[in-house]
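This report concerns only the one structure given below.
Just so you know, all these numbers are worked out from the coordinates, no wet-lab data involved. As the structure is a computational prediction, the values presented were derived from the model and not from experiment. Cβ placement follows ideal geometry from the backbone for every residue including glycine, while neighbour counts extend to all protein chains displayed.
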Amino acid sequence: MSHAAPARGTPGRSRSTARHPATTRASIGWPLVLAVLYGCWGATMDRDAGPITWGNVLFGILSGLVVGVLAFVLHKGMTRAIPQEVRAAVWGVFAGVSFGYLYSLSGASALRAVGLGLALGLAVLASVFYRYHTKE
């Protein structure tokens with residue numbers, strides 16, 4: 001009777017109540033990669049083709065740290081109890097503001113930085129909402 005076979009996993013514990021580790025390698029990995037890339041891009045924009053200074057390096061480390069921590073907190077802190085639209089909007093705002101700020105360091109006009117940040121934020125909002133809507 002194969003239909004009566006117990007489920008794999010811990011005996012006496014259903015799959016729905018099985019605990020998953022709070023922090024996995026994947027949940028730490030992509031914010032770390034994002035932090036490194038954002039920090040390097042920030043340091044390069046702050047340098048503005050001049051010599052590498054401790055100020056540039058410190059700016060890159062701090063900006064990468066802030067973005068990495070925010071990405072990790074947003075990823076782990078937003079539960080399914082929050083509506084999909086709100087979660088997607090938060091990710092869109094995070095992406096748009098992060099990109100717009102670094103783009104503004106390049107010397108571009110504020111209007112262009114806001115416009116590109118808004119465009120990227122809307123694209124992220126749409127893609128994250130689509131992902132949430134199809135996976136949940």
Between residue 48 and residue 118, with labels modelled 7 Å along Cα→Cβ, what's the label distance in nm to one decimal, could you check? 2.6
Per 0.36 nm of contour for each residue apart, how much would the distance between residue 37 and residue 66 grow if the chain were fully extended, relative to their Cα-Cα spacing? 9.2 nm
Write down Rg/Rh for the range 79-136, rounded to two decimals, with Rg from the C-alpha atoms and Rh from the Kirkwood relation over Cα pairs. 1.11
Those trypsin sites (Lys or Arg not before Pro) in the range 74-136 that DSSP places in a loop and that have at most 13 other beta carbons within 10 Å: 80
Under a plain spin-label model, where a point goes 7 Å from the Cα along Cα-to-Cβ, how far apart in nm are residue 74 and residue 89? 1.5
Please report how far the C-alpha centroid of the range 46-61 lies from that of the range 62-136, rounded to the nearest whole angstrom. 25
